[in-house]
Amino acid sequence: LDAWASDYSSTVPIHVEATFTRQGFGGILASATPAKYFHGFKGAPDPDLWYPSAMANALAGKDLDPANPEIIIHINSTIANQFYVGTDGKCPPNQYDLESILLHEVGHGLGFLSNDSYDTFYGYGSIDQPTPYDAYAQLADGRRLMDLPSPSVELGKALTNTIVWSGRNGIAANNGVKPKLYTPSVYQQGSSISHLDEATFSSSGADSVMTPNLSAGEVFHEPGPLALAMMADMLLKPPAGVPTGIPTVVRNVKALIGDKSAVITFDPPTNLRTSQVSSYAVKVNQTGLVVKGTTSPIVVTGLRNGGNYSFSVTASN
């Protein structure tokens, strides 16, 4: 925790709950998850993204969920006898360095993870609540992973093809090359997307800490410059994605009557992500008045009490 604390800036204490738990025999050393995700809070760089607890607190400047920890880690107790619990970095070649494992898992808890899922039967991919990590995961054609239709076969295929990191800090830390993420041809739950590519970074020294596999005897006691750079990207507002097509109609439009005004509420188009909707325009059909905004609701003023009005809402990219 001290290793991360020296490089991760937050005025809000980060609480980590770590327990030994049975997670099957072999394979899994440990797993981690944020306790919660938050979006639309004051201080969020992008209101459409879901920020892990620790990252959300750091951006908000306060604890958004004081009753719970920010990071939850489960260490596989079935292989506890294979863990080296020393902190001197002298892990034997037949054991796994527990400090290195925890360093890796804290990275996931802080935000180094995608919210994707994959249906192995139908081949559908889904990202219902995209994280900042998803906003920087980019396909070969420049589209963001989070902007593909969800759920869809198209997204499922993307999860098993080449995906790179598009954040400027991560690229700079990787000598100007977009870092490749781990996307094996057969989707691996808990490993695909949410790691740096094993083949590319497994021998890169400090930067291999966030690859999916830890070898016996392998030791990491610092997060590494690439992981820190990618974290820095996630604290910024990501650039817009590449629009595909025009927005379809907005849904569930309603008008709430006020004094010489109306509050217009609506749900975004079904292709919000793929079309990269940037604004909405509410038109008063009787007068031609247009009021613009970036999200629902939009308030229209200057109306006449007792008059009849109807409204049209258009999404633009």
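Things to note:
- Per atom type, the chain shows carbon and sulfur on 53% of its accessible surface, probed at 1.4 Å.
- Two numbers describe the Cα atoms of the chain: Rg and Dmax, which are 22.8, 82 Å.
- Annotation: average projected area of segment 1-74 is 6.1 square nanometres, based on the convex hull of Cα atoms across all directions.
- Karplus-based coupling profile of segment 205-219, in residue order and whole Hz: x, 4, 7, 8, 4, 9, 7, x, 10, 10, 7, 4, x, 7, 10, with θ = phi - 60° in 6.51 cos²θ - 1.76 cosθ + 1.60 and x standing for Gly or Pro.
- Annotation for residue 198 and residue 286: the two label points, set 7 Å from Cα along the Cα-Cβ direction, are 6.6 nm apart.
- Here residue 119 sits with roughly 60 square angstrom of accessible surface, probe radius 1.4 Å.
- Extents of segment 246-300, taken as max minus min of Cα coordinates on every principal axis and listed largest first, are 37, 19, 16 Å.
- Given charges at Cβ of Lys, Arg, Asp, Glu: segment 194-256 dipole, positive-most of 244, 196, 223: 244
- Near-label residues of segment 74-115 by backbone N, under 19 Å of a point 7 Å along Cα→Cβ of residue 221: 83-107
- Spin-label proximity, residue 77 to segment 88-117 - amide N less than 15 Å from point 7 Å beyond Cα toward beta carbon: none
- J(HN,Hα) series, segment 50-67, from Karplus relation 6.51 cos²θ - 1.76 cosθ + 1.60, nearest Hz, glycine and proline x: 10, 9, x, 3, 5, 5, 4, 4, 4, 6, 6, x, 7, 7, 7, 8, x, 7
- Annotation: Cα Rg of segment 1-146 relative to the compact-globule expectation 2.2 N^0.38 Å equals 1.17.
- Residue range of the chain that is longest and free of trypsin sites (Lys or Arg not before Pro) which are both DSSP loop and sparsely packed (at most 14 other C-beta within 10 Å): 91-259
- Using a Förster distance of 51 Å, the FRET efficiency for residue 186-residue 254 (Cβ separation, nearest 0.05): 0.65
- Under-5 Å amide H pairs with residue 124, H placed in peptide plane, nonlocal only: 119
- Note on residue 213 and residue 172: the model spin-label points, each 7 Å out from Cα along the C-beta direction, lie 3.3 nm apart.
- Hydrodynamic radius of segment 73-231 by the Kirkwood approach over all distinct alpha-carbon pairs: 16.3 Å.
- Gyration tensor (Cα) of segment 178-317, equivalent ellipsoid semi-axes in angstrom: 51, 15, 12
- Prolate/oblate/rounded call for segment 43-87, Cα gyration tensor, a/c under 1.5 rounded: prolate
- When the chain is treated as a Gaussian network with alpha carbon springs shorter than 10 Å, the biggest mean-square fluctuation among 190, 306, 245 belongs to 306.
- Cα-only Debye scattering, segment 97-166: base-10 log of I(q)/I(0) at q = 0.15, 0.22 Å⁻¹: -0.52, -0.90
- Per residue, the chain exposes an accessible area of 49 Å² to a 1.4 Å probe, with every protein chain left in place.
- Out-of-range pairs (alpha-carbon distance over 26 Å; input 62/237; 90/178; 180/237; 42/157; 254/292): 90/178; 42/157
- Segment 166-273: chymotrypsin sites (Phe, Trp or Tyr not before Pro) in DSSP coil with no more than 16 other Cβ atoms inside 10 Å: none
- Put a plus charge on the Cβ of each Lys and Arg, a minus charge on the Cβ of each Asp and Glu, and nothing anywhere else: the dipole of the chain about its Cα centre is then about 1520 debye.
- Chymotrypsin sites (Phe, Trp or Tyr not before Pro) restricted to segment 8-51 and DSSP loop, no more than 11 other C-beta within 10 Å: 25
- Along each principal axis, Cα extent of segment 37-119, largest first, Å: 47, 35, 22
- Using a simple spin-label model with pseudo-atoms 7 Å out from Cα toward Cβ, residue 310 and residue 128 lie 3.6 nm apart.
The values are calculated or read from the model by the stated rules, or taken from the named source; none is laboratory data. Keep in mind that what you see is a predicted model, and the values were worked out from it rather than measured. All Cβ positions, glycine included, derive from the backbone under ideal geometry; neighbour counts span all protein chains shown. For accessibility, only protein heavy atoms count, side chains too; no ligands or nucleic acids. Shrake-Rupley method; radii C 1.70, N 1.55, O 1.52, S 1.80 Å.
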